[in-house]
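The values are calculated or read from the model by the stated rules, or taken from the named source; none is laboratory data. These numbers were taken from a predicted model, which means no experiment stands behind them. Positions of Cβ are generated from backbone atoms using ideal geometry, with glycine treated the same way; all protein chains shown enter the neighbour counts. Heavy atoms of the whole protein, side chains included, go into the accessibility calculation; ligands, DNA and RNA do not. Shrake-Rupley method; radii C 1.70, N 1.55, O 1.52, S 1.80 Å.
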Amino acid sequence: MTVRVRFAPSPTGYLHIGAARSALFNWLYAQKTGGKFLLRIEDTNLQRSTEESTRSIIDGMEWLGLAYDEEIVFQSANADKHRAAAYKLVDEGKAYRDFTPKAERDDATVKEGIAARARAHSAEGTDHRSNPFRDLSKEESDKRAAAGEPFAVRLKIAREGKTHFADIVYGPQERDYSEIEDLVLLRSDGHPLYNLSVVIDDIEMNITHVIRGQDHLTNTHKQVLLYGALGAAVPQFAHLPLILAPNKGKLSKRKHGEVVSLTTYRDRGFLPAAFRNFLALLGWAPSDGKEMLSVDELVQEFSLEHIHRSPAVFNFQENDPRHWTDEKALWMNAEYIRTMVVEELLPLVKAELRANKLWREEYDDDDREWLLKAVDLIRQRFFTLKDFSGQGRAYFSDDFDFEETAVNKNLKKEPRLKELLPALADRFEETDPFTAETAEAALRKFAEDSGVKAGLLINGSRTMLTGQAVGPSMFEVFEILGQKRSVERLRSGVPWFDAMNALGDV
């Protein structure tokens, strides 16, 4: 049997990271088993579903590298099949028409209404099978329907018995029929409801394994009943632990906004491989506990049996821009930037520089070797691709900003630097060849001759050349920026005095 799994998002907004994780786990399982990974867009909520959201979902999957097999299935296109299945169940006596007047039933919130009635009936000991139309004769039901009387369609659920299924993650599951209200399949306007549509589509798509969030466990009991009524094989189920916010509440689009959107991470400079790795560890771990995993390693190690039952917590601080997302996500992204083969990182850096008008075509040709060395040097302290155009801007442009803290710490405290740094530039101009080693020797000799500590000149030079307080080895920075730029920036009073003026030191 070929494994067939599906990712079935609703296109009602951006791709939530919880949904992205579900897509990833489905994809990994398909890859691991040699199966098929299918995409179904559940767009039956016509008021909320948008083409923009569908595009965002597909773009997000492409960014993560989750290629789907076969054609996309749009659930709305199958509505006629869903209705036909419901009417067939009526003909077979497995479902019935419910002619309860619409005024007594809020079809717009049928899900909430069913839940509220179930709670009330449970408290009152009411029989869920007491619907007056449940045992209406087929002749009478057909007659009233033919006369144009509106009706919903409900599945007949036996008075005695239990649903059973073995969840791969949560183990054996069962529920008494007495706890389940006769399931609404069609609204009075003929609109198929979620549980019917999902089951029919999964049957049509030959889905063998349903891998989805733990919040669907309750629906699964209802869907098992539908598979039985339709005479179809029940797929295997694996429900994933929820992803919670730091306060252990549900991580939601409405409450938490962009931090839960996959596109936020793409747009803020995360590497697809790093975020894919991070997502995989939200509720799952390989048997050896290793954290940095290539896509091939993820496929090799992945198993549904190693998915955790306890919820994963996505840690972030809503009002702290330094901790805007989970620290582990940032750490992992930094590790990927620092350790991946620099040639593989280069196209991502190129896209970032190009987007910020910092890319020069020479970087593809004559200056490629320089670019490789520069990227390899400066990436060691970077967390996202945005850092190449932000903190790293001085390596690609003479138009860069000075950090206020860097100016305060490395320039403002020692007025003599105003003369010392241009004098150091004079020494550098005479240094030949100009390398990290010769620059270091020249700087240390100049410090000794000037009666100052070398660290004063090193830190002052760093801020003059890069605008930063910290960074790679300063002597390697001299070599990467080259003799001409190093000399010009040490001599230039413009960035240094501009920084002084901005701080009020005039």
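The set of residues in the stretch 170-192 that are over 24 Å from Pro241 (Cα atoms) and open to solvent by 20 Å² or more (accessible area, probe 1.4 Å) comprises Tyr177, Ser178, Glu181, Arg187, Ser188, Asp189, His191. Number of residues in the stretch 144-157 that are closer than 20 Å to Lys88 by Cβ and surrounded by fewer than 12 Cβ atoms within 10 Å (Cβ to Cβ): the value is 1. Every test in (1) open to solvent by 20 Å² or more (accessible area, probe 1.4 Å); (2) at pLDDT 95 or above is passed by Arg21 save one, and that test is (1). State whether one or more residues within the stretch 335-343 are among the polar types (S, T, N, Q) and modelled with pLDDT of 95 or more. So far as the stretch 335-343 goes, yes, one or more of its residues are among the polar types (S, T, N, Q) and modelled with pLDDT of 95 or more. For the stretch 432-457, the set of residues classified as farther than 12 Å from Leu420 by Cβ and assigned to a helix (DSSP H, G or I) consists of Ala436, Glu437, Thr438, Ala439, Glu440, Ala441, Ala442, Arg444, Lys445, Glu448, Gly455, listed by residue number.
Quickly run through the stretch 319-330 and pick out the residues that are in a loop (DSSP other than H, G, I, E, B) and surrounded by 14 or more Cβ atoms within 10 Å (Cβ to Cβ). Result: Trp324, Thr325, Asp326. Answer yes or no as to whether Thr384 is open to solvent by less than 50 Å² (accessible area, probe 1.4 Å), of a type outside the set (Lys, Arg), out of contact with any Leu (no Cβ under 7 Å at 6 or more places or on another chain) and at pLDDT 95 or above. The answer is yes for Thr384.
Taking first residues from the stretch 199-218 that are within 18 Å of Phe37 (Cβ to Cβ) and partners that are β-branched (Val, Ile, Thr) and modelled with pLDDT of 95 or more, the Cβ contacts under 7 Å between residues at least 6 apart in sequence or on separate chains come to Asp201/Val73; Asp202/Val210; Met205/Val73; Ile207/Val5; Thr208/Val3; His209/Val3; His209/Val5; Ile211/Val5.
State whether the residues of the stretch 296-304 include one that is in contact with a Ser or Thr (Cβ under 9 Å, 6 or more places away or on another chain) and at pLDDT below 95. There is no residue in the stretch 296-304 that is in contact with a Ser or Thr (Cβ under 9 Å, 6 or more places away or on another chain) and at pLDDT below 95.
The selection criterion, being under 22 Å from Leu226 (Cβ atoms) and aromatic (Phe, Trp, Tyr), holds for Tyr87. When Arg212 is tested against (1) within 19 Å of the chain's Cα centre (by Cα); (2) buried (at least 17 other Cβ atoms within 10 Å of the Cβ); (3) not in a strand (DSSP E or B), only condition (3) is not met. Here Asp202 passes the criteria (1) under 29 Å from Phe7 (Cα atoms); (2) acidic (Asp, Glu); (3) open to solvent by 40 Å² or more (accessible area, probe 1.4 Å) except the one numbered (3).
Remark: pairs (first residue in the stretch 349-364, part of a loop (DSSP other than H, G, I, E, B); second residue modelled with pLDDT of 95 or more; Cβ separation under 7 Å; 6+ apart in sequence or on different chains) = Asn356/Ser389; Leu358/Ser389; Leu358/Arg393; Leu358/Phe396; Leu358/Ser397; Trp359/Lys350; Trp359/Leu353. Looking only at residues in the stretch 36-66 that are within 19 Å of the chain's Cα centre (by Cα), of a type in the set (A, V, I, L, M, F, W, C) and not in a helix (DSSP H, G or I), the one that is farthest from Leu298 (Cα to Cα) is Ile41.
Would you check which residues across the stretch 414-425 are in contact with a helix residue (DSSP H, G or I) (Cβ under 8 Å, 6 or more places away or on another chain) and among the charged types (D, E, K, R) and list them? Residues satisfying the conditions are Glu414, Lys418.
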